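**Q** Pasting a structure below so you can have a look.
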Amino acid sequence: MDQTILKENRKLVESIERRAFLRGTLSLGALTMLTGCDVTNKDATQSVLRAMSAWNDRVQAFLFSPTRLAREYPASKVMRPPRFNAFYGREMVKDVDPGTWKLELAGMIGDKRPWALRDIHALPEVTQRTRHVCVEGWDYIGEWTGVPLKLFLERIGADLTAKYVGFKCIDGYSGSIDMASALHPQTQLTTKYGGAVLHKDFGFPIRLRVATKLGFKSPKQIVAMEVTQHTIPAAIGKTAATTGSAELDVSASNRPRPIHPSSRKPTH
(Lines give C-alpha, C1' and ligand atoms only; values in the text may rest on other atoms or scores of the structure.)
Protein backbone atom coordinates (compact mmCIF):
# COMPACT_ATOMS: atom_id res chain seq x y z
CA MET A 1 0.00 0.00 0.00
CA ASP A 2 1.26 3.49 -0.90
CA GLN A 3 2.68 5.23 2.18
CA THR A 4 2.70 8.69 0.57
CA ILE A 5 -0.37 9.89 2.46
CA LEU A 6 1.20 9.26 5.88
CA LYS A 7 4.50 10.81 4.76
CA GLU A 8 2.76 13.95 3.55
CA ASN A 9 0.93 14.26 6.87
CA ARG A 10 3.92 13.28 8.96
CA LYS A 11 3.69 16.35 11.21
CA LEU A 12 0.25 15.29 12.38
CA VAL A 13 1.31 11.67 12.77
CA GLU A 14 4.33 12.65 14.87
CA SER A 15 2.19 14.96 16.96
CA ILE A 16 -0.08 12.02 17.75
CA GLU A 17 2.77 9.55 18.31
CA ARG A 18 4.63 11.84 20.69
CA ARG A 19 1.70 11.79 23.07
CA ALA A 20 2.30 8.04 23.41
CA PHE A 21 -1.31 7.01 22.81
CA LEU A 22 -0.69 5.53 19.38
CA ARG A 23 3.12 5.21 19.28
CA GLY A 24 4.15 2.48 16.87
CA THR A 25 0.58 1.61 15.93
CA LEU A 26 -0.41 4.08 13.26
CA SER A 27 -0.46 2.51 9.82
CA LEU A 28 -2.55 2.91 6.72
CA GLY A 29 -4.36 -0.33 7.50
CA ALA A 30 -5.15 0.76 11.04
CA LEU A 31 -6.20 4.18 9.82
CA THR A 32 -8.59 2.62 7.34
CA MET A 33 -10.10 0.13 9.83
CA LEU A 34 -10.46 2.68 12.63
CA THR A 35 -12.01 5.41 10.54
CA GLY A 36 -13.36 3.87 7.33
CA CYS A 37 -11.80 6.77 5.44
CA ASP A 38 -10.44 6.58 1.93
CA VAL A 39 -6.67 6.99 2.50
CA THR A 40 -6.21 7.98 -1.13
CA ASN A 41 -8.22 11.11 -0.38
CA LYS A 42 -5.66 13.57 1.02
CA ASP A 43 -8.19 15.98 2.50
CA ALA A 44 -10.08 13.16 4.24
CA THR A 45 -6.89 11.64 5.61
CA GLN A 46 -5.66 14.95 7.00
CA SER A 47 -9.07 15.58 8.55
CA VAL A 48 -8.98 12.19 10.30
CA LEU A 49 -5.43 12.73 11.55
CA ARG A 50 -6.37 16.13 12.96
CA ALA A 51 -9.41 14.61 14.65
CA MET A 52 -7.23 11.90 16.23
CA SER A 53 -4.76 14.53 17.44
CA ALA A 54 -7.61 16.58 18.94
CA TRP A 55 -8.95 13.43 20.62
CA ASN A 56 -5.56 12.87 22.23
CA ASP A 57 -5.61 16.45 23.51
CA ARG A 58 -9.04 15.90 25.08
CA VAL A 59 -7.94 12.65 26.76
CA GLN A 60 -4.83 14.30 28.16
CA ALA A 61 -6.90 17.22 29.42
CA PHE A 62 -9.26 14.77 31.14
CA LEU A 63 -6.37 12.95 32.84
CA PHE A 64 -4.46 16.10 33.77
CA SER A 65 -4.75 17.40 37.32
CA PRO A 66 -3.90 21.09 37.88
CA THR A 67 -3.23 20.38 41.55
CA ARG A 68 -0.95 17.33 41.14
CA LEU A 69 2.66 18.44 41.44
CA ALA A 70 5.74 16.81 39.97
CA ARG A 71 8.03 15.40 42.65
CA GLU A 72 10.69 17.78 44.01
CA TYR A 73 14.24 16.65 44.90
CA PRO A 74 17.05 17.83 47.19
CA ALA A 75 19.78 20.14 45.82
CA SER A 76 22.29 17.30 46.09
CA LYS A 77 20.53 15.47 43.26
CA VAL A 78 20.76 18.35 40.75
CA MET A 79 22.88 17.77 37.64
CA ARG A 80 25.39 20.58 37.09
CA PRO A 81 25.60 21.51 34.30
CA PRO A 82 22.45 20.02 32.78
CA ARG A 83 22.66 17.70 29.80
CA PHE A 84 22.82 19.49 26.46
CA ASN A 85 20.45 18.19 23.82
CA ALA A 86 19.08 19.81 20.67
CA PHE A 87 18.55 19.09 17.01
CA TYR A 88 21.93 20.71 16.26
CA GLY A 89 25.37 20.93 17.89
CA ARG A 90 26.56 23.46 20.46
CA GLU A 91 28.43 25.37 17.78
CA MET A 92 25.10 26.24 16.14
CA VAL A 93 23.47 27.71 19.27
CA LYS A 94 22.59 31.34 18.60
CA ASP A 95 24.10 34.19 20.61
CA VAL A 96 21.54 36.56 22.10
CA ASP A 97 22.13 40.17 23.12
CA PRO A 98 20.28 40.56 26.43
CA GLY A 99 20.13 44.32 25.95
CA THR A 100 18.14 44.16 22.72
CA TRP A 101 16.23 40.88 23.16
CA LYS A 102 12.48 41.22 23.56
CA LEU A 103 9.64 38.74 24.02
CA GLU A 104 6.99 39.38 21.37
CA LEU A 105 3.35 38.76 22.31
CA ALA A 106 0.40 37.91 20.07
CA GLY A 107 -3.08 36.43 20.06
CA MET A 108 -5.65 36.62 22.82
CA ILE A 109 -3.69 39.03 25.03
CA GLY A 110 -4.83 42.38 26.38
CA ASP A 111 -1.42 44.08 26.44
CA LYS A 112 0.72 42.95 23.51
CA ARG A 113 3.69 45.22 24.16
CA PRO A 114 6.95 43.23 23.98
CA TRP A 115 8.86 42.58 27.17
CA ALA A 116 12.55 43.32 27.70
CA LEU A 117 14.61 40.80 29.66
CA ARG A 118 15.14 43.21 32.57
CA ASP A 119 11.38 43.49 33.01
CA ILE A 120 10.95 39.72 33.15
CA HIS A 121 13.76 39.51 35.72
CA ALA A 122 11.90 42.07 37.85
CA LEU A 123 8.90 39.74 38.28
CA PRO A 124 8.60 37.37 41.28
CA GLU A 125 10.48 34.11 40.74
CA VAL A 126 10.15 30.59 42.09
CA THR A 127 12.59 27.67 42.11
CA GLN A 128 11.87 24.00 41.48
CA ARG A 129 14.06 20.89 41.54
CA THR A 130 12.26 18.41 39.33
CA ARG A 131 13.04 15.61 36.91
CA HIS A 132 13.52 16.45 33.24
CA VAL A 133 12.44 13.50 31.10
CA CYS A 134 13.47 13.34 27.45
CA VAL A 135 11.40 11.60 24.81
CA GLU A 136 14.59 9.68 23.91
CA GLY A 137 14.46 7.87 27.25
CA TRP A 138 17.03 9.64 29.44
CA ASP A 139 16.40 11.99 32.36
CA TYR A 140 18.08 14.10 35.03
CA ILE A 141 17.19 16.22 38.06
CA GLY A 142 17.46 19.93 37.40
CA GLU A 143 17.01 23.14 39.34
CA TRP A 144 15.07 25.79 37.45
CA THR A 145 14.25 29.32 38.61
CA GLY A 146 11.86 31.62 36.81
CA VAL A 147 8.57 33.44 36.62
CA PRO A 148 5.43 31.29 36.98
CA LEU A 149 3.80 31.30 33.55
CA LYS A 150 0.39 31.78 35.14
CA LEU A 151 1.59 34.99 36.81
CA PHE A 152 2.99 36.26 33.52
CA LEU A 153 -0.18 35.44 31.60
CA GLU A 154 -2.24 37.29 34.20
CA ARG A 155 0.15 40.26 34.05
CA ILE A 156 -0.26 40.67 30.28
CA GLY A 157 -4.01 40.25 30.37
CA ALA A 158 -4.10 36.92 28.55
CA ASP A 159 -7.46 35.25 27.99
CA LEU A 160 -7.14 32.26 30.32
CA THR A 161 -10.13 30.59 28.69
CA ALA A 162 -8.12 30.14 25.48
CA LYS A 163 -7.03 26.58 24.70
CA TYR A 164 -3.30 26.93 24.04
CA VAL A 165 -0.17 28.98 24.62
CA GLY A 166 2.27 28.81 21.74
CA PHE A 167 5.97 29.65 21.58
CA LYS A 168 8.52 30.48 18.89
CA CYS A 169 12.26 30.26 19.39
CA ILE A 170 15.26 31.98 17.85
CA ASP A 171 16.23 28.83 15.93
CA GLY A 172 12.83 28.58 14.25
CA TYR A 173 11.38 25.92 16.56
CA SER A 174 7.72 26.38 17.47
CA GLY A 175 5.25 24.50 19.63
CA SER A 176 2.42 24.89 22.11
CA ILE A 177 1.05 23.63 25.41
CA ASP A 178 -2.55 23.44 26.54
CA MET A 179 -3.80 26.20 28.83
CA ALA A 180 -4.28 23.83 31.78
CA SER A 181 -0.56 22.97 31.64
CA ALA A 182 0.34 26.64 31.19
CA LEU A 183 -1.51 27.51 34.41
CA HIS A 184 0.02 24.65 36.40
CA PRO A 185 1.96 26.02 39.42
CA GLN A 186 5.21 24.36 38.28
CA THR A 187 5.15 25.73 34.72
CA GLN A 188 7.53 28.67 34.44
CA LEU A 189 9.44 30.99 32.15
CA THR A 190 12.90 29.93 33.28
CA THR A 191 15.74 32.45 33.53
CA LYS A 192 18.21 30.58 35.77
CA TYR A 193 19.56 27.07 36.24
CA GLY A 194 21.32 25.94 39.42
CA GLY A 195 21.14 29.48 40.78
CA ALA A 196 22.98 31.04 37.81
CA VAL A 197 21.71 32.81 34.72
CA LEU A 198 20.90 30.33 31.96
CA HIS A 199 23.75 29.55 29.59
CA LYS A 200 22.85 29.96 25.92
CA ASP A 201 23.28 26.19 25.44
CA PHE A 202 20.39 25.62 27.82
CA GLY A 203 17.98 28.33 26.76
CA PHE A 204 19.27 31.86 27.48
CA PRO A 205 17.64 34.32 27.80
CA ILE A 206 14.46 32.42 28.71
CA ARG A 207 13.07 28.96 28.17
CA LEU A 208 9.86 27.25 29.15
CA ARG A 209 9.91 24.67 31.91
CA VAL A 210 6.91 22.32 32.10
CA ALA A 211 7.57 19.87 34.92
CA THR A 212 4.53 17.75 34.08
CA LYS A 213 5.44 17.02 30.44
CA LEU A 214 8.28 15.54 28.38
CA GLY A 215 11.26 17.72 27.54
CA PHE A 216 10.20 18.60 24.01
CA LYS A 217 7.38 20.66 25.54
CA SER A 218 9.95 23.00 27.14
CA PRO A 219 11.33 25.10 24.25
CA LYS A 220 14.53 27.12 24.62
CA GLN A 221 15.62 30.63 23.60
CA ILE A 222 12.04 31.84 23.26
CA VAL A 223 11.41 35.04 21.30
CA ALA A 224 7.61 35.04 20.91
CA MET A 225 4.51 33.82 22.71
CA GLU A 226 0.93 33.56 21.49
CA VAL A 227 -2.32 32.76 23.29
CA THR A 228 -4.60 31.00 20.85
CA GLN A 229 -7.49 28.62 20.29
CA HIS A 230 -5.37 26.44 18.00
CA THR A 231 -2.27 24.34 18.50
CA ILE A 232 0.99 25.57 17.02
CA PRO A 233 2.61 22.48 15.47
CA ALA A 234 6.01 21.54 16.86
CA ALA A 235 8.05 22.35 13.79
CA ILE A 236 11.14 23.91 12.35
CA GLY A 237 11.01 24.79 8.69
CA LYS A 238 9.13 21.95 7.01
CA THR A 239 10.18 19.23 9.45
CA ALA A 240 8.67 18.34 12.82
CA ALA A 241 11.00 19.06 15.73
CA THR A 242 11.45 18.51 19.42
CA THR A 243 13.88 20.03 21.84
CA GLY A 244 14.58 16.52 23.05
CA SER A 245 15.36 14.65 19.88
CA ALA A 246 17.67 14.69 16.90
CA GLU A 247 15.33 13.81 14.10
CA LEU A 248 15.60 16.90 11.92
CA ASP A 249 17.17 17.75 8.60
CA VAL A 250 19.14 20.83 9.61
CA SER A 251 21.22 21.23 6.48
CA ALA A 252 21.91 24.80 5.41
CA SER A 253 19.16 24.65 2.80
CA ASN A 254 16.55 23.64 5.38
CA ARG A 255 17.57 25.75 8.38
CA PRO A 256 15.11 28.61 8.88
CA ARG A 257 16.18 32.18 9.35
CA PRO A 258 16.22 33.18 13.04
CA ILE A 259 13.14 34.97 14.34
CA HIS A 260 14.01 38.39 15.71
CA PRO A 261 11.57 40.36 17.86
CA SER A 262 10.44 43.73 16.51
CA SER A 263 11.96 46.86 18.00
CA ARG A 264 9.19 49.16 16.80
CA LYS A 265 6.98 48.77 19.87
CA PRO A 266 7.71 50.21 23.30
CA THR A 267 8.86 47.87 26.09
CA HIS A 268 7.57 47.57 29.62
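**Q** Is it true that some residue in segment 192-204 is touching a strand residue (DSSP E or B) at 6+ places or on another chain (Cβ under 9 Å) and of a type in the set (D, E)?
**A** no
**Q** For residues in segment 118-155 being closer than 25 Å to E226 by Cα and basic (K, R), which is surrounded by the fewest Cβ atoms within 10 Å (Cβ to Cβ)?
**A** R118
**Q** Is it the case that L69 is touching a Leu at 6+ places or on another chain (Cβ under 9 Å), at pLDDT 70 or above and more than 20 Å from P219 (Cα to Cα)?
**A** Details: touching a Leu at 6+ places or on another chain (Cβ under 9 Å): no; at pLDDT 70 or above: yes; more than 20 Å from P219 (Cα to Cα): yes.
No.
**Q** How many residues does segment 201-225 contain that are surrounded by fewer than 20 Cβ atoms within 10 Å (Cβ to Cβ) and either at positive phi or assigned to a helix (DSSP H, G or I) (or both)?
**A** Total satisfying the criteria: 1.
The values are calculated or read from the model by the stated rules, or taken from the named source; none is laboratory data. Predicted model only: the values in this text are computed from it and were never measured. Using ideal geometry, Cβ is built from the backbone for each residue, glycine included, and neighbour counts are taken over all protein chains shown.
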